[in-house]
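The values are calculated or read from the model by the stated rules, or taken from the named source; none is laboratory data. The structure presented is a predicted model; accordingly, all values stated were derived computationally and were not measured. Neighbour counts run over all protein chains shown; Cβ positions are idealised from the backbone, glycine included. Accessible surface areas use protein heavy atoms only, side chains included; no ligands, DNA or RNA. Shrake-Rupley method; radii C 1.70, N 1.55, O 1.52, S 1.80 Å.
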Amino acid sequence: MENVTILDHPLIQHKISMLRDKNTGTNEFRNLIGEIAMLMGFEALRDLPLMDVEVETPIEKCMTPVLAGKKLAVVPILRAGLGMVNGILALVPSAKVGHIGLYRDEETHEPHEYYCKLPSPIELRTIVVTDPMLATGGSAVAAVDFIKQHGGRHIKFMCIIAAPEGVNRLHEAHPDVQIYIGHLDRCLNDAAYICPGLGDAGDRIFGTK
Ligand code: PRP
Ligand code: URA
């Protein structure tokens, strides 16, 4: 599928297996989410535009590439997406951070917005939306809808585990969005949880429930 990339590097796969383990505690879980986000970011950002600038080395002047233009915006979907932010900021410390607050209704599984704050000018930035879980795709589609309503154009969506249902829904709603996935799981269960998945990502990152 065009614009859908599965980042199946052995380091990412190994760390995802540790995340899945129900005996992995909050601190280790949180650290793993950050490490996986950094490894995924390394690949997902390989098309960032560059421009040449002049630098004087101890030997001579040369033209050498740096990141061009307005840089990155990282936009986590609250809460669980927050866990991925520092991994990306470790790669691009100058990135700005927006926030989109969404929660899934437990009965309908539909997303509800409770917060949206994006850095400006959003239209000039490459925007990386982060959420460890792409399940039904409702939250991801709503987040990208908001970002586009605010003028965002160049959008990447990064998730650690996805269900086929969510990938299809996001890709159909927003075929221009580049989707990066750590692992594509089997399916959703009746409660719209990903199988085998890792459980509730927000609760495991923040130690709630
Ligand atoms: C989880 C997850 C995604 C969403 C995915 O968040 O972090 O945002 O569910 O499900 P979907 O693809 O079916 O929309 P949740 O709503 O549980 O909120 P939380 O991060 O605050 O726990
Ligand atoms: N949200 C989660 O945190 N986990 C799932 O499996 C599905 C949605």
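Some points to look at:
- Residue under evaluation PRO121, criteria (1) farther than 22 Å from LEU39 by Cα; (2) within 16 Å of ligand 2 (Cβ to nearest atom), criterion not met: (2)
- For GLY207, the conditions (1) within 16 Å of the chain's Cα centre (by Cα); (2) open to solvent by 30 Å² or more (accessible area, probe 1.4 Å); (3) at positive phi are fulfilled apart from (1).
- Among the candidates HIS150, HIS154, HIS112, residue that is open to solvent by 10 Å² or more (accessible area, probe 1.4 Å), free of Cβ contacts under 8 Å to residues at least 60 places away in the same chain and closer than 20 Å to ASP47 by Cα: HIS154
- One residue alone among ILE77, ILE12, ILE33, ILE88 is within 15 Å of ligand 2 (Cβ to nearest atom), under 23 Å from ARG204 (Cβ atoms), not in a strand (DSSP E or B) and not small (Gly, Ala, Ser), and that residue is ILE33.
- Residue count, region 1-57 (criterion: of a type in the set (Asp, Glu) and either touching a helix residue (DSSP H, G or I) at 6+ places or on another chain (Cβ under 6 Å) or open to solvent by less than 90 Å² (accessible area, probe 1.4 Å) (or both)): 5
- Residue list for region 58-70, filter: open to solvent by 50 Å² or more (accessible area, probe 1.4 Å) and out of contact with any Lys or Arg (no Cβ under 7 Å at 6 or more places or on another chain): PRO58, ILE59, GLU60, LYS61, MET63, PRO65, VAL66, LEU67, GLY69
- With respect to the conditions (1) crowded, with 19+ Cβ neighbours inside 10 Å; (2) at pLDDT 95 or above; (3) of a type in the set (D, E, K, R), ARG125 lacks only one, and its number is (2).
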